[in-house]
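Peer 1: Sharing a structure here in structure tokens format.
The values are calculated or read from the model by the stated rules, or taken from the named source; none is laboratory data. All of these numbers come straight from a predicted model, not from anything done at the bench. Reconstructed Cβ throughout: ideal geometry from the backbone, glycine too, with neighbour counts over all protein chains shown. Side chains are part of the model used for accessible areas, which takes the heavy atoms of the whole protein and leaves out ligands, DNA and RNA. Shrake-Rupley method; radii C 1.70, N 1.55, O 1.52, S 1.80 Å.
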Amino acid sequence: MTTDVPAAPAVPPSRRDILRAAGTVTIAGLAVTVIAGCGGGGAQAGSDASTGTRLPQLTDAAKTAIAAAIKGGEVPVGKPKILYQAGVVISQPTAGQYVALSTYCPHAGGKVSEISPRGFLRCPLHGSEFDPATGEVKVGPSNKPLGVQKIAVDGDKVTPA
């Protein structure tokens, strides 16, 4: 004759078990966020293969905004102009030579949206500053430059140079 053994009553997890599990999930989530945000992975579409930085997106709207800013005298030599709606920065390092810079900060994906008192492009997220002529890092924490594209401007026509 077989006897059915009653199942043991379910024991609820202890407070320590619950806190340990919550801590593990939190730490794992933070690790993924940090790795994704600061992980300078490989080159992406629309990026400079030598530096892995995103190039500025020269959409039709951006080209129109660039041409208008240059024609309007808003981009003097050595002074960058942030074209917020177009998502690019335009700069004239030397007379007649123009560059477009990405507003994507390579440190943690913030938006470069300020000009520092020193005249550098600045990401307000963590304070990285970049040279408006070359995109080079001038103040960290970023260790990668902004994406830069030389451009040619002929009247209303803007093309990569």
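Peer 1: Which net charge results when you count Lys and Arg as +1 and Asp and Glu as -1 among the other residues whose beta-carbon is under 11 Å from that of ALA100?
Peer 2: +3
Peer 1: Express the relative contact order of segment 61-111 as a whole percentage, based on alpha carbon pairs under 8 Å and six or more residues apart in sequence.
Peer 2: 24 percent
Peer 1: Something else now. Top to bottom by accessible area (1.4 Å), largest first, where do ASP154, ASP17 land?
Peer 2: ASP154, ASP17
Peer 1: I would also like to ask the following. Using only the heavy atoms of the protein chains and a 1.4 Å probe, how would ARG20, ARG54 rank by accessible area, largest first?
Peer 2: Sorted by accessible area, descending: ARG20, ARG54.
Peer 1: To continue, here is another question. Below 19 Å, Cα to Cα, which lysines can LYS138 reach? Residues fewer than 8 away in the same chain don't count.
Peer 2: Counting by Cα, and skipping residues close in sequence, LYS138 has these lysines nearby: LYS79, LYS81, LYS111.
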